[in-house]
Amino acid sequence: MAFDGVTIANVVSELKKELMGGRLYKIAQPEADELLITIKQPNGTKKLLISAEASLPLLYLTENSKPSPMTAPNFCMLLRKHLQNGRITDIFQPGLERIVHIEIEHLDEMGDLCRKTLVVEIMGKHSNIIFCDGNNTIIDSIKHVSAAVSSLREVLPGKPYFVAQTQDKLDALTTEEGTFRNALSARPQAVFKAIYGSFTGISPVLAQELCYEAGVDGDMPTAALTDLNYERLYDAFARMVSAIREERFSPNIAYTGDSPVEFCALPLTMYGYSRADSASTQSVNPESAPAQDHVVAYGSMSALLENYYAEKNILTRIRQKSADLRRIVQTALERNVKKYDLQLRQMKDTEKRETYRVYGELLNTYGYSAEPGAKSFEALNYYTDEMVTIPLDSTLTATENAKKYFDKYGKMKRTYEALSQLTEEVKKEIQHLESVSNALDIALYEEDLAQIKEELTENGYIRRKGSPRNGGKKKQKITSKPFHYLSSDGFHMYVGKNNFQNDELTFKFATGNDWWFHAKQVPGSHVIVKTGNADELPDRTFEEAARLAAYYSRGRGQEKVEIDYIQKKHVKKPGGSKPGFVVYYTNFSMAIDSDISNIQLVNE
């Protein structure tokens, strides 16, 4: 699923239609490598999201806003200084490069008309947003690249801007049939690889599509191509180039079942694309599409990208922001697991304690018959009615040997009793840390992380920062809320995002006859189903609540997850236990999958 040059050509086509002549009204930098620009047009305002995030660079129009930091970063302040109220005069893409130039004119401090360019490079880990003056000199960039980082090009204030030529590829928009044939024949590899390896802006999936349209096996070697194959391939290639030039784009996502496998700015006929679908002017909700191999057409590439990448972008961002918390949890978890393993080995060493006690008792009872200097002694074990051989220290008497065995027994017994308590405490600590790790996995927003951080702080894993006058005990205001779902039968279901929310849901929000669900013996969220005035829940609601418990647990993705469920009144919290820890002594169970795609999430 590549953000290739053809996709960018589609985006540029949309930007030209929507933004040309518009004035830059607001410039915000919600993330360190992301801009959100609001453009005023006669027919209203438009929002342009530009992200240079290494793993997920993006560029599309959106209707959504994002919270920005209280103090704008330096790059954002610079853009505001130069471009605030500037007018967009041109938007273009050089060839089919993954680069977009947004040209803006504005008045400087002296009232003179100036021109600046915002260059957006969508190139994976090399993605950047570069601000240049009218002479193509870099004023600043959202990411600085020094000579120590790249020997090909420096991206620093005062340096000239140019595109580094790292690949010897042809411009598809200007390629003629002879050049096309020569380029492919010069590459002794699979046909589809030769196509995307020879021409700028073409992704592997688009190369496979061209082969499919031409009736050529994309995996066959170029050496096996006939004149007819070349003719058909170039015809398909020429149709693609014509569609790009004439801006006849058909953004679509190909699905296998419910999972998206590819997206493209041109029809993916190899996945069963119906060209009639391209007439759609509205975004299509993939959830309404049939659960089989199919293609969903979109009215715009921006709508497609936002729909496809919205959740992935959120998860990518939140994973970055939770990195420090994950490191703290993982370090503590590894330390406690090592401690637990060591304690279990030490407990195993105490397994002989009862044998030593019996040896001591038998020597006290029968030791009078032991011969002096003997190295062993046989006696009847009156606990099992079996004869046992007791090793002896030949330099000691039977009574002294008995005392020695009792001393060993006493030491091992004390060790066992101490370790029994310690291992139980460490085991609970491991369970708690695993539950925190699971909470980090399901966190979606910064406020979710804030609550997890508070839990780690209260449990001593993070030192609280605060004013010395209040002893450093100032707590952060928490606004995170549990997930809220609605069952197919109309019952409200709530899922805790972390241990604090689990306790809140189970012991403050739920009433006695509400139902409680949790994955059996694995870290996971508490799920509460509010029964209201209903005497019984429908079977379908039980199943949907169980799926939520499976999905928001470490069992997610398994074919079946065992779920315990019980009325809330039977769930208890032991005094002094960790957040989220409960006990129950009678319950129902079911094994179910973790597919929640058909359960309605209530947005609050």
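The values are calculated or read from the model by the stated rules, or taken from the named source; none is laboratory data. Not measured: the values here are computed from a predicted model. Here the Cβ is made from the backbone with ideal geometry for all residues, glycine too, and neighbour counts use every protein chain on show.
Within region 585-598, being surrounded by 15 or more Cβ atoms within 10 Å (Cβ to Cβ) and not charged (D, E, K, R) holds for 587, 590, 592, 594, 596. Being assigned to a loop (DSSP other than H, G, I, E, B), within 23 Å of residue 371 (Cβ to Cβ) and not assigned by TED's automatic domain parsing to the domain that holds residue 577 is the requirement here; does residue 395 meet it? Judged against the criteria, residue 395 is a match. All conditions but one from (1) among the aliphatic types (A, V, I, L, M); (2) crowded, with 21+ Cβ neighbours inside 10 Å; (3) farther than 17 Å from residue 266 by Cβ apply to residue 223; the one that does not is (2).
Of 374, 402, 398, all but one fail to be touching a Ser or Thr at 6+ places or on another chain (Cβ under 8 Å) and of a type in the set (A, V, I, L, M); the exception is 374.
Within region 135-162, being of a type in the set (D, E, K, R) and in contact with a helix residue (DSSP H, G or I) (Cβ under 7 Å, 6 or more places away or on another chain) holds for one residue alone: 140. Per this entry, residue 369 is counted among residues that are exposed (fewer than 13 other Cβ atoms within 10 Å of the Cβ), modelled with pLDDT under 90 and either of a type outside the set (Val, Ile, Thr) or assigned by TED's automatic domain parsing to the domain that holds residue 63 (or both). Within region 123-160, the residues that satisfy the criterion of being in contact with a Lys or Arg (Cβ under 9 Å, 6 or more places away or on another chain), under 25 Å from residue 31 (Cβ atoms) and assigned to a loop (DSSP other than H, G, I, E, B) are 123, 127, 153, 159. Scan region 218-227 for residues that are over 36 Å from the mean Cα position of the chain (by Cα) and charged (D, E, K, R) and the total you get is 1.
Among the residues of region 95-107, those that are surrounded by fewer than 20 Cβ atoms within 10 Å (Cβ to Cβ) and either of a type in the set (Lys, Arg) or free of Cβ contacts under 8 Å to residues at least 24 places away in the same chain (or both) comprise 101, 103, 105, 107. Within region 264-294, if we keep just the residues that are over 21 Å from residue 16 (Cβ atoms) and modelled with pLDDT of 85 or more, the residue that is surrounded by the fewest Cβ atoms within 10 Å (Cβ to Cβ) turns out to be 269. Exactly one residue among 335, 345 is without any contact (Cβ under 8 Å) to a residue 24 or more places away in the chain and surrounded by 12 or more Cβ atoms within 10 Å (Cβ to Cβ), and that residue is 335.
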